[in-house]
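Have a look at the structure below, then the notes.
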Amino acid sequence: SGRGFVVAVPTDTIYGVAASASSDEGIDRIYDAKRRPAFLPLALCIAHPSEIGRYGDASHLPADLVEKFLPGPYTLLLNRRDDSELSANLNPGTRTVGIRVPESSFVRGVVATLGFAIALTSANISGGSSSTKVGDFRELWDKCANVYDGGELNAGTSGSTIIDLSEPGVYRIVRKGCSEEEAHAILKEHGLREKETPPQ
């Protein structure tokens, strides 16, 4: 089935590699292509913010908070829904799932056509530098069914800001990326307080 395919796509931040999040084979191929350690999670990309509750539990979030962040350069971490039909190979042993809606009509179109979330990660060998044009990840081309060339992306190479919203009333910035300052302001406006990160 075509659902096991991996494709390379331009997003609103950097180039990514993606597969259907319901396909065990597709998820495995992403890890294989990137030589990514299996314990590093993949994010989900959905077509519209209203679909977030299909994959993650957003019932505790203040009204309109999700729409303030998505579409946008953010990944929201929520507790994964048990009945979401996501592949068991997607982030096994991880209770949360990171969900984003890129400001990229192309990527959202891919998701809408598939009718299911895609698993998305940066188009590079794991640990390598981010790709802003297709020539940057030439070593992945033969692992992809299609490489969609959106030209050179100019959003910088920092990727999305990852926000943990899995607990009611609090938030934690897991990874600083695009528009981080704006994120703090939006969260506090909605009455959430920042959770202290335990020292490593």
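The values are calculated or read from the model by the stated rules, or taken from the named source; none is laboratory data. Keep in mind that this is a model prediction, so the values were computed, not measured. Because the Cβ atoms are built from the backbone with ideal geometry, glycine has one as well, and the counts that use them run over all protein chains shown. Heads up: the accessible areas ignore ligands, DNA and RNA and are worked out on the full protein's heavy atoms, side chains in. Shrake-Rupley method; radii C 1.70, N 1.55, O 1.52, S 1.80 Å.
Find, among the chymotrypsin sites (Phe, Trp or Tyr not before Pro) in region 15-65, those assigned to loop by DSSP (not H, G, I, E, B) with at most 12 other beta-carbon atoms within 10 angstrom. Can you show the working numbers first?
Numbers: sites: Tyr15, Tyr31, Phe39, Tyr55; in loops: Phe39, Tyr55.
Listed in order of number, the matching sites are Phe39.
How about region 83-131: which trypsin sites (Lys or Arg not before Pro) there are in a DSSP loop, with at most 16 other Cβ atoms within 10 Å of their Cβ? Walk me through the intermediate numbers first.
Values: sites: Arg95, Arg100, Arg108; in loops: Arg95.
For trypsin sites (Lys or Arg not before Pro) across region 83-131 that sit outside H, G, I, E and B with at most 16 neighbouring Cβ atoms in 10 Å, the list reads Arg95.
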Revision key, fill the gap. extent check for the chain: Cα max minus min per principal axis, descending, whole Å, gives 47, 36, 35
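What do you get for Rg/Rh of region 27-115 when both radii come from the Cα atoms and Rh is the Kirkwood radius? Write down the numbers at each step before the final one.
Numbers: Rg = 13.2 Å, Rh = 13.8 Å.
Ratio of gyration radius to Kirkwood radius: 0.96.
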Check your understanding: So what's the gap between the Cα centers of region 116-175 and region 1-54, to the nearest angstrom?
Key -> 10
Review point. What is the Cα convex hull volume of region 57-98 when expressed per residue in Å³?
Key: 85
Practice item. Report Rg(Cα)/(2.2 N^0.38 Å) for region 6-65, keeping two decimals. Key: 1.32
Exercise for review: Mind checking the per residue accessible area of the chain for me, 1.4 Å probe, whole number of Å²?
Suggested key: 48
Review point. Using 0.36 nm per residue, how much length does the chain from His48 to Arg175 gain when fully extended, once their Cα-Cα distance is taken away?
Key: 43.5 nm
Practice item. Find how much the distance from Asp24 to Glu152 grows on full extension, using 0.36 nm per residue of separation minus their present alpha carbon separation; answer in nm with one decimal. Key: 43.0 nm
